[in-house]
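Let me begin by presenting the structure, written as structure tokens, before commenting on it.
The values are calculated or read from the model by the stated rules, or taken from the named source; none is laboratory data. Treat the numbers as computed from the prediction; the structure is a model and nothing was measured. No Cβ is skipped: glycine too gets one built from the backbone with ideal geometry, and neighbour counts run over all protein chains shown. SASA here: full protein model, heavy atoms, side chains in, ligands and nucleic acids out. Shrake-Rupley method; radii C 1.70, N 1.55, O 1.52, S 1.80 Å.
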Amino acid sequence: MSNNDCDVVIVGGGIAGLTAALVSARAGRRTRVLTGPALGGQLISIERIDGYPGFPDGIPGYELCPIVQEQAVAAGADFSAAAATNLTLHEGRWSVTSREGEIRAAAVVIASGTSSKELGIPGEERLRGKGVSHCASCDGPLLRSRTVGVVGGGDSALQEALTLTQHVSRVIILHRGASLSGQAAYRDPVLRHDKIEVRTNTVVEEVIGDVGLTAVRTRRTTDGSQSDVELAALFVYIGLAPNTAWLNETLELDASGRIPTDDRMRTRRPGLFAAGTVRSGSAGRAASAGGDGATAAVAADQYLSDGAWRV
Ligand SMILES: Cc1cc2nc3c(=O)[nH]c(=O)nc-3n(C[C@H](O)[C@H](O)[C@H](O)COP(=O)(O)OP(=O)(O)OC[C@H]3O[C@@H](n4cnc5c(N)ncnc54)[C@H](O)[C@@H]3O)c2cc1C
């Protein structure tokens with residue numbers, strides 16, 4: 001086996017990939033992990049992960065993820081921050097390409113997760129990092145006593161609006177729907193919170209500002225009226241897009257761009273597994289993503305032992 005060979009390659013350093021790495025390395029498999037740009041994935045910037053077993057008061061993602069990584073390293077997993085750029089089959093082994101070259105393995109766990117969707121409106125790209133943000137816990141503390149906007153009405157938008165109230169003086173939620181869609185555990189405190197104002201039936205059409213964001217242009221969907229809302233920052237939580245472009249059509253994806261698997265996280269191609277929010281039907285929670293990672297690692301271990309892909 002060369003240095004570029006191993007038993008299992010894991011693509012993704014979110015909770016799914018980290019858990020897969022831990023379980024695979026503990027099974028004695030030579031395990032290489034490519035984490036890409038965000039070690040810890042979506043969770044790394046979450047101030048308080050709710051509903052994760054063992055932490056009744058929640059835990060910050062930036063505390064949980066490094067602990068799981070340390071556990072995986074102690075078990076023998078080898079990490080790199082490179083991003084996978086291609087996945088191909090060579091003489092019965094999978095080859096994962098990154099800036100560091102190729103790694104070959106009989107089994108690959110794809111755990112590349114999701115990225116936040118953009119609004120796709122004028123000014124957004126230009127003012128990203130200058131008022132347009134996807135990270136309440138990173139940028140909220142810099143906005144003390146200011147008014148900020150949150151776009152979206154689902155769990156992420158509501159959870160992050162609540163996080164922002166710890167820092168800013170006022171949060172305006174701008175939501176295109178007629179009512180908030182997030183779960184009651186977030187919706188009720190948002191609706192009760194005296195620092196939060198909810199504007200439904202409202203679409204953000206433009207981000208305004210010269211060197212930094214100063215306002216957004218909104219339109220009411222009910223009567224078409226436009227208005228400018230003065231804000232110090234805009235936090236965008238309108239959904240998540242799966243990170244599957246790097247697969248270059250090696251795998252068939254579902255209509256949402258996610259990877260179909262069976263209940264052992266096996267894809268339709270022998271040796272390829274998918275775990276976490278990149279796969280079809282993911283429950284979308286940290287605990288389920290970690291569970292997927294563990295299931296995928298166990299199934300990969302079994303595949304390597306059997307030497308056969310039993311359907
Ligand atoms: C704002 C917000 C709040 C949330 N709050 C909660 C909560 O309180 N409780 C809860 O249970 N869940 C919460 N979630 C959901 C939770 O974040 C996800 O379920 C979980 O992060 C999914 O983990 P994952 O490993 O599948 O994917 P991700 O976390 O998306 O991780 C993907 C990983 O893949 C890597 N990657 C991407 N492309 C490549 C590539 N080409 N090569 C190598 N690596 C790559 C990334 O760098 C990253 O490390 C929240 C989500 C959001 C957005």
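Here is how the numbers come out for the structure above:
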{"quantity": "Selection count where residues are free of Cβ contacts under 8 Å to residues at least 60 places away in the same chain and either open to solvent by less than 70 Å² (accessible area, probe 1.4 Å) or of a type in the set (Ser, Thr, Tyr) (or both), scope the range 200-213", "calculated": "4"}
{"quantity": "Scan of the range 219-237 for residues that are surrounded by 15 or more Cβ atoms within 10 Å (Cβ to Cβ) and either modelled with pLDDT under 95 or under 21 Å from Val168 (Cα atoms) (or both), ordered by number", "calculated": "Val229, Leu231, Ala232, Ala233, Leu234, Phe235, Val236, Tyr237"}
{"quantity": "Residue match in the range 259-271 (condition: in contact with a helix residue (DSSP H, G or I) (Cβ under 9 Å, 6 or more places away or on another chain), polar (S, T, N, Q) and either farther than 21 Å from Ala25 by Cβ or away from the ligand (no atom under 16 Å from the Cβ) (or both))", "calculated": "yes"}
{"quantity": "Selection count, the range 8-42, where residues are within 22 Å of Gly92 (Cα to Cα) and open to solvent by 30 Å² or more (accessible area, probe 1.4 Å)", "calculated": "4"}
{"quantity": "Qualifying residue in the range 224-233 (condition: touching a helix residue (DSSP H, G or I) at 6+ places or on another chain (Cβ under 7 Å), within 17 Å of Ile121 (Cα to Cα), within 16 Å of the ligand (Cβ to nearest atom) and touching a residue at least 12 places away in the same chain (Cβ under 8 Å))", "calculated": "yes"}
{"quantity": "Which listed residue, of Glu124, Glu160, is more than 14 Å from the ligand (Cβ to nearest atom), at pLDDT 95 or above and either in a helix (DSSP H, G or I) or among the acidic types (Asp, Glu) (or both)", "calculated": "Glu124"}
{"quantity": "Given (1) more than 14 Å from the ligand (Cβ to nearest atom); (2) surrounded by 15 or more Cβ atoms within 10 Å (Cβ to Cβ), index of the condition Leu89 fails", "calculated": "(2)"}
{"quantity": "Matching residues, the range 174-192, being under 14 Å from Glu160 (Cβ atoms), outside any loop (DSSP other than H, G, I, E, B) and not hydrophobic (A, V, I, L, M, F, W, C)", "calculated": "Tyr186, Arg187, Pro189"}
{"quantity": "Qualifying positions in the range 48-64 - closer than 18 Å to Ala157 by Cα and within 10 Å of the ligand (Cβ to nearest atom)", "calculated": "Arg48, Ile49, Asp50, Gly51, Gly58, Gly61"}
{"quantity": "Ile103, sole failed condition from (1) more than 30 Å from Leu162 (Cβ to Cβ); (2) in a helix (DSSP H, G or I); (3) not charged (D, E, K, R)", "calculated": "(2)"}
{"quantity": "The range 275-290, residues that are open to solvent by 30 Å² or more (accessible area, probe 1.4 Å) and either of a type in the set (D, E, K, R) or at negative phi (or both)", "calculated": "Thr277, Arg279, Ser282, Ala283, Arg285, Ala287, Ser288"}
{"quantity": "Selected residue [among the small types (Gly, Ala, Ser), surrounded by 14 or more Cβ atoms within 10 Å (Cβ to Cβ) and more than 13 Å from the ligand (Cβ to nearest atom)] from Ser95, Ser45, Ser80, Ser116", "calculated": "Ser95"}
{"quantity": "Residues that are open to solvent by 50 Å² or more (accessible area, probe 1.4 Å) and within 16 Å of the ligand (Cβ to nearest atom), drawn from the range 127-138", "calculated": "His134, Cys138"}
